[in-house]
Amino acid sequence: METKPYLIFKQNGLLCGVEVGCVREIFFLPELKPIAEAPQDIVGAIDLRGRILPVMDLNLRFGYVWQEYSVTDSTIVIEWQEFRVGIIVNEVSEVKYIPPEAITPQLSYGRDKAEAPHHFLAGFARCEADIIMLLNLDRLIRYSPDTTEAEMPVSAGGANHSAAAGKLEVENLQLEIDPKLLAENAKVLRKPHVFCPNATLEEKALFRERAHNLRLLGDRENSAAINISLAVVVLNGEYFGINLGVVREFTDIRQVTPIPCTPDRIIGNMNLRGEILTLVDIRNVLNMSADTKSLSKAIVVEIEDLVVGIIVDEILDIIYLNVADIATIPAALNSANREYLRGTAFYEKKIIAVLNLHKLLTKGGVVVDEEV
């Protein structure tokens, strides 16, 4: 087994991870439109640039009680085989490479009788002081219990529900509702679905605006163009996009060892799980002032045989961008910056500069030539 990158996120107090290769896009939660005859955990859908995307509530999928959504929640678009679905999470954290030896496939709880084999977790990963639950996307997306009562999944309380306990039948679809949940949340379950009914007017307007922005802006042919995933980062208050294809992971900066007789752009070395990682500052190349007094985050990138850590002020988001949406570089931009940029794009009403990181690292004099 090979070491793989995982997107780490927080949901309902849990720390979870999903393989980066299956992540297509991340954006803040928009207004969801209700859909009929969907499984209980599919809480709505959005128009994602001309394609209807079902959205899953992980709380409901795991069997927990439904909770109100927040404007700070995010949606991760997952593609698994021929299926694409959005999952609602509380907070997207970072990307981490997790080696196979750090993953425990199963946990034994000492129970006499094993539970039904429909777990949604592929394993548990040890990552420094954290334990990360890795999602089994095949089961998360595809698993559906048989409609026979004997094979219904075990509830969070540990007992199977009976028809008298609140099983609802809609044509050929059976949904299990915990009687306690019915009693305590009857107004939520029995009223017509309204997205975030308790949100303020300002919050509802924000959810609606996000949904509007996600709709297709051009013709359908543009949606078939090549797409790229970008990590959106901040340098000196300005937004930049880095192609996720060259990103190995995001990491915190700690215990930097200075390297003597090197240019200011070489910050030093850091021990990253036994690997010596050189940290570089690209701001000088971009004609930006450099201030390394406060080092917190770095993006580990691998281009050809070169592996370096690029320091950033903040890692904001991961977005899925149509190449056709990348505009040409404005003529007003400083000429020294232009050769290291692929273009510009919009992000949350701001303009991000998409970096040509390959050219910047190999031609921009960022990396020291040791033979000189």
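The values are calculated or read from the model by the stated rules, or taken from the named source; none is laboratory data. Remember, predicted model here, so these are calculated numbers, not experimental data. Every residue, glycine as well, gets a Cβ built from its backbone with ideal geometry; the counts of neighbours run over all protein chains shown.
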Mind checking which pairs have a first residue in segment 347-363 that is farther than 17 Å from R283 by Cβ and a second that is surrounded by 14 or more Cβ atoms within 10 Å (Cβ to Cβ), Cβ under 6 Å, 6 or more apart or different chains? Y347/V232; K350/Y239; I351/T344; H358/I303
Hey, could you check segment 57-83 for residues that are under 14 Å from the mean Cα position of the chain (by Cα) and within 19 Å of E19 (Cα to Cα) and say which is surrounded by the fewest Cβ atoms within 10 Å (Cβ to Cβ)? E79
Hits in segment 17-52 - residues which are under 10 Å from the mean Cα position of the chain (by Cα) and aliphatic (A, V, I, L, M): V18, V20, V23, I26
If you go through segment 228-244 one residue at a time, do you hit one that is modelled with pLDDT of 80 or more, farther than 23 Å from A327 by Cα, among the hydroxyl-bearing types (S, T, Y) and outside the structural domain of I26 (by TED's automatic domain parsing)? no
Lone unmet requirement of (1) modelled with pLDDT of 85 or more; (2) over 20 Å from the mean Cα position of the chain (by Cα); (3) surrounded by fewer than 18 Cβ atoms within 10 Å (Cβ to Cβ) for I282: (3)
Which one of the conditions (1) farther than 21 Å from V92 by Cβ; (2) touching a Gly at 6+ places or on another chain (Cβ under 6 Å); (3) β-branched (V, I, T); (4) modelled with pLDDT of 85 or more does V300 fail to meet, given that it meets all the rest? (1)
Only one of these conditions is not met by N213: (1) closer than 30 Å to V43 by Cβ; (2) modelled with pLDDT of 85 or more. Which number is it? (2)
Here the residues within segment 126-148 that are modelled with pLDDT under 90, closer than 17 Å to T104 by Cα and not in a strand (DSSP E or B) are E128, A129
Return yes or no: is L277 surrounded by 19 or more Cβ atoms within 10 Å (Cβ to Cβ), modelled with pLDDT of 80 or more and over 22 Å from the mean Cα position of the chain (by Cα)? yes
Among the candidates V246, V300, single out the residue that is surrounded by 19 or more Cβ atoms within 10 Å (Cβ to Cβ), of a type outside the set (S, T, Y) and touching a residue at least 40 places away in the same chain (Cβ under 8 Å). V300
